[in-house]
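Remarks on the structure that follows.
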Amino acid sequence: MLDTSETTPLVSIENLKVEFSTKDGPVVGVEDISFSINPGETVCVVGESGSGKSVSSLSLIRLVEFGGGTITNGKILFNRGDYGDGKGAIDLAHAENNLMRTIRGNEIGMIFQEPMTSLNPVFTIERQLAEGLIVHKGMNKAQARARALELLKQVRIPEPERRLKQYPHELSGGMRQRVVIAMALACEPRVLIADEPTTALDVTIQAEILALIDRLKRETGTAVLFITHDMAVVAQMADRVVVMFRGNMVEEGSVTDIFENPQKDYTKALLAAVPKLGEMRGKSAPEPMRILGVASSNNPQPIFASDEKLLEVKNLVQRFPVKGGLLRRTISNVHAVEDVSFDINVGETLSLVGESGCGKSSAGRSILRLNEPQSGEIILGGRDVLALDQNELREARKDMQMVFQDPFASLNPQMRLSDQVAEPLLNYDMERGSALHDRVATLFDRVELPRDFMRRYPHELSGGQRQRVAIARALALNPKLIIADESVSALDVTVQAQVLNLMMELQADLGISFLFISHDMAVVERVSHRTAVMYLGRIVEIGPRAAVFENPQHSYTQTLLSAVPIADPRNRKSEKDLNFKPIPSPIFPLDYTPEPSVYKEVGPGHFVLTNEI
């Protein structure tokens, strides 16, 4: 049982200022912030990208110096307790590097945002977990291995003995994040820093990781500094909240005060931009989100779809070979998409939702034939896409474009933005000369980017601005269908709201149809006309958005919806509310023949899979 009588803060940050040296002079990353963290308390630091959240957390363990930052003012007082010399708190801002090495990973642990970049790709999971235990706790290899196995069980990784011998690339995103959490917890730190630990994770895995951090905090009395831009996560985790904007602390208070009685306009704008599950109840069509300070969003109009069919997908099958043995023969298949059928009308948004590995992205890429499906039919505007030769397919792709999840990866870092938006027009010889320049400028206007951005490069823009460029490029050929693959999952809530409103505005003005692939159920509820839920390569439930969200019939749909964090600190989910089963492997032998999908209509246009999978 956690002793709450101890009120001496574990960490006190006082008047912290951090600067970064550039060729144009110093840039302030954090300006005069102060807050404390008590034992067993979770303090959430929230704000948009660039607000100074991560700089503040990296300053606490002095890693900010390795990124070019310098602590130019302030104190970071850390109460070392039993580790200390009895002289009280020490100032980490001025501590020697040898002392910091004994504190990092031992007394203060950190969960980094992107597990693939924080894990070493050439070392096994066992070696990476054991390293800190050997260095900080003086364990031998056998003891470190036993502790590593215990940690993997603690974070509930299936088959932990086998995972110890695996490398990071062999694990899913959720498993890698759990490994990073296990590493941060290995030496039982007194303070745990969690920097966006659930960004871009599936909703069920996110719920499990949040519950895990909360349980460990309660059991061990660990203090948690939680960095996030997701206000629903804040409502589930925080005891106190610190709101940051452009390096400054805007507001601080208890989680209930911040959510129920925010004082600053910026805090109100953050909360207003959060899509809330259930707020579309009773509405039959998507509506743009209200954005504080944007007059055009104050009276959102519903966006209705046509009855005319644009896309029909019938019995789509996509498999990927698994090779093995000395000769690298195909020994089995990954059944990524299995007997999937749906249609999309003109001006309609169909959302595909589900966890990582369920086949959402594979289905989207198959429609564009970026992956060649094994069988099925894809009818776009009356033409069978799978029957087209390469020249015909090239022409058909003018009508269907894709917006990828990571715009930084899908944009060429060496090309100006104007050239990247113009490239599809040049490829199809649709515009030249001044007409091309005018068309590109019009597209930048359309996605609400300044025309002087046309001469910039991708690295000079924020994530939301880069995603707008990707949308402008997708719009260049006037497509009828856009496949948006997790296109807003990693964006800040305010930027996410702006990009979603932009997509809905384009749909209303141009009649574009969207296949919206996402794992964020609150966003899906906001933008969808209809929703399809995927599990293990199959659609397990499909129907009008209101029917699927308000009356889910399949057990998996119910599980997804129960895992969604609610932006209300008085309505928190506890670990006992979560009962998720690991997703079975989609790999089957070569001679395996799956049974065809059978659906039952439970309401008008609302179908549920009856097969056992």
Considering only helices (runs of 4 or more DSSP H) wholly within the range 148-239, the ones with at least 1 residues that are under 26 Å from GLU260 (Cβ atoms) and modelled with pLDDT of 80 or more are 203-220, 231-237
For ALA336, are the conditions met, namely being surrounded by 16 or more Cβ atoms within 10 Å (Cβ to Cβ), in contact with an Asp or Glu (Cβ under 9 Å, 6 or more places away or on another chain) and at negative phi?
no
Which of (1) surrounded by fewer than 18 Cβ atoms within 10 Å (Cβ to Cβ); (2) modelled with pLDDT of 90 or more; (3) among the hydrophobic types (A, V, I, L, M, F, W, C) is the odd one out, the single condition MET116 does not satisfy?
(2)
ALA211 being farther than 30 Å from GLY81 by Cα, out of contact with any Phe, Trp or Tyr (no Cβ under 6 Å at 6 or more places or on another chain) and in contact (Cβ under 8 Å) with a residue 12 or more places away in the chain:
no
Going through the range 135-183 one residue at a time, which ones are open to solvent by 80 Å² or more (accessible area, probe 1.4 Å), closer than 20 Å to LEU212 by Cα and touching a residue at least 40 places away in the same chain (Cβ under 8 Å)?
ARG156
For the range 275-287, how many residues are under 18 Å from the mean Cα position of the chain (by Cα) and either surrounded by fewer than 20 Cβ atoms within 10 Å (Cβ to Cβ) or farther than 15 Å from ASP492 by Cα (or both)?
2
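Tell me, which helices (runs of 4 or more DSSP H) lie completely within the range 500-613 with 2 or more residues that are in contact (Cβ under 8 Å) with a residue 60 or more places away in the chain, in contact with a Lys or Arg (Cβ under 8 Å, 6 or more places away or on another chain) and open to solvent by less than 20 Å² (accessible area, probe 1.4 Å)?
Qualifying helices (runs of 4 or more DSSP H): 521-527.
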So VAL495 clears everything in (1) free of Cβ contacts under 8 Å to residues at least 60 places away in the same chain; (2) crowded, with 19+ Cβ neighbours inside 10 Å except one condition, right? Which one?
(1)
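Is there a residue in the range 387-400 that is part of a helix (DSSP H, G or I), closer than 30 Å to PRO450 by Cα and modelled with pLDDT of 90 or more?
Taking every residue of the range 387-400 in turn, none turns out to be part of a helix (DSSP H, G or I), closer than 30 Å to PRO450 by Cα and modelled with pLDDT of 90 or more.
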Selection status of SER5, at pLDDT 90 or above and either loosely packed, with under 13 Cβ neighbours inside 10 Å or closer than 16 Å to MET244 by Cα (or both)
no
Select from the range 223-244 the residues that are of a type in the set (Val, Ile, Thr) and within 8 Å of VAL255 (Cβ to Cβ) and write down the one among them that is nearest to the chain's Cα centre (by Cα).
VAL234
Residue list for the range 401-433, filter: at pLDDT 90 or above, assigned to a helix (DSSP H, G or I), open to solvent by less than 70 Å² (accessible area, probe 1.4 Å) and farther than 19 Å from ASP452 by Cβ
PRO424, LEU425, LEU426
Every residue from the range 87-108 that is surrounded by fewer than 19 Cβ atoms within 10 Å (Cβ to Cβ) and on the phi > 0 side of the Ramachandran plot
GLY88
Would you please name the residue that is nearest to LEU270 (Cα to Cα), looking only at residues in the range 203-254 that are open to solvent by less than 10 Å² (accessible area, probe 1.4 Å) and among the hydroxyl-bearing types (Ser, Thr, Tyr)?
THR228
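The values are calculated or read from the model by the stated rules, or taken from the named source; none is laboratory data. Since the structure is predicted, the reported quantities are computational estimates derived from the model, not experimental observations. When we count neighbours, we look across all protein chains shown, and the Cβ atoms used for this are built from the backbone with ideal geometry, even at glycine. What goes into the accessible areas is simple: the full protein's heavy atoms, side chains included, and nothing from ligands, DNA or RNA. Shrake-Rupley method; radii C 1.70, N 1.55, O 1.52, S 1.80 Å.
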